[in-house]
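Accompanying notes for the structure given below.
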Amino acid sequence: MALAINKENFESLVAGAQPVVIDFWAEWCGPCRMMSPIVDELAGEFEGRVVIGKCDVEENDDITMKYGVRNIPTIIFLKEGKMVDKQVGACSKEALKAKIEKLL
C-alpha cells in the first residue's frame, strides 16, 4: 500500500536516503482512480528500496505547487531530493515500473 504523503511527513521523506515516487491525485479524478491500484502494487514490490506514496492535491497545495503539478494524475520521481523524472497522465504498470527501476 502506498504511503499517504502530506505536509507532516513530506520533508523527512524527501530528505531520506531512499528514492521517492509521489503520485499526485484527487478523489474525483477518474484516471487517478485507475492508477491507484497500480501505485499500491508497485509500493509493495519496491518496499524497502523506494518510498512510494500518494499526495492528495486537494489537501496539499504547497507540495503540489512546489513541483508545478497542473494536471493529474502526475507522478514525480525524486532522487537525493531532486526531481529526476515525471509522468503526466495514466500509464501502464510496466512503464511506471521501468521509471522506478531507473531510480535504483
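The values are calculated or read from the model by the stated rules, or taken from the named source; none is laboratory data. None of the values given here were measured: they were computed from a predicted structure. Glycine gets a Cβ as well: all are built from the backbone with ideal geometry, and neighbour counts include every protein chain shown. Heavy atoms of the whole protein, side chains included, go into the accessibility calculation; ligands, DNA and RNA do not. Shrake-Rupley method; radii C 1.70, N 1.55, O 1.52, S 1.80 Å.
Here is how the numbers come out for the structure above:
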item: Hits in region 1-11 (condition: part of a loop (DSSP other than H, G, I, E, B) and either closer than 16 Å to residue 57 by Cα or open to solvent by less than 30 Å² (accessible area, probe 1.4 Å) (or both)); result: 2, 5, 6, 7, 8, 9
item: Output for region 49-63, where each listed residue is more than 11 Å from the chain's Cα centre (by Cα) and touching a residue at least 24 places away in the same chain (Cβ under 8 Å); result: 49, 57, 58, 59, 60, 62, 63
item: Long-range neighbours under 6 Å by Cβ, at least six apart or interchain, first residue at pLDDT below 95 and part of a helix (DSSP H, G or I) within region 84-104, second among the aromatic types (Phe, Trp, Tyr) and open to solvent by less than 50 Å² (accessible area, probe 1.4 Å); result: 103/77
item: Matching residues, region 65-82, being within 11 Å of the chain's Cα centre (by Cα) and not in a loop (DSSP other than H, G, I, E, B); result: 74, 75, 76, 77, 78
item: Check on residue 14, aliphatic (A, V, I, L, M), open to solvent by 10 Å² or more (accessible area, probe 1.4 Å) and either closer than 16 Å to residue 71 by Cβ or in contact with a Gly (Cβ under 6 Å, 6 or more places away or on another chain) (or both); result: yes
item: Which listed residue is over 18 Å from residue 3 (Cα atoms), surrounded by 12 or more Cβ atoms within 10 Å (Cβ to Cβ) and touching a helix residue (DSSP H, G or I) at 6+ places or on another chain (Cβ under 9 Å), from 50, 88, 69; result: 69
item: Within region 24-43, tally of residues that are open to solvent by 30 Å² or more (accessible area, probe 1.4 Å) and either out of contact with any helix residue (DSSP H, G or I) (no Cβ under 6 Å at 6 or more places or on another chain) or assigned to a helix (DSSP H, G or I) (or both); result: 11
item: Where a residue in region 15-26 is free of Cβ contacts under 8 Å to residues at least 60 places away in the same chain and its partner, wherever it lies, is open to solvent by 60 Å² or more (accessible area, probe 1.4 Å), with Cβ under 6 Å and at least six apart; result: 26/58
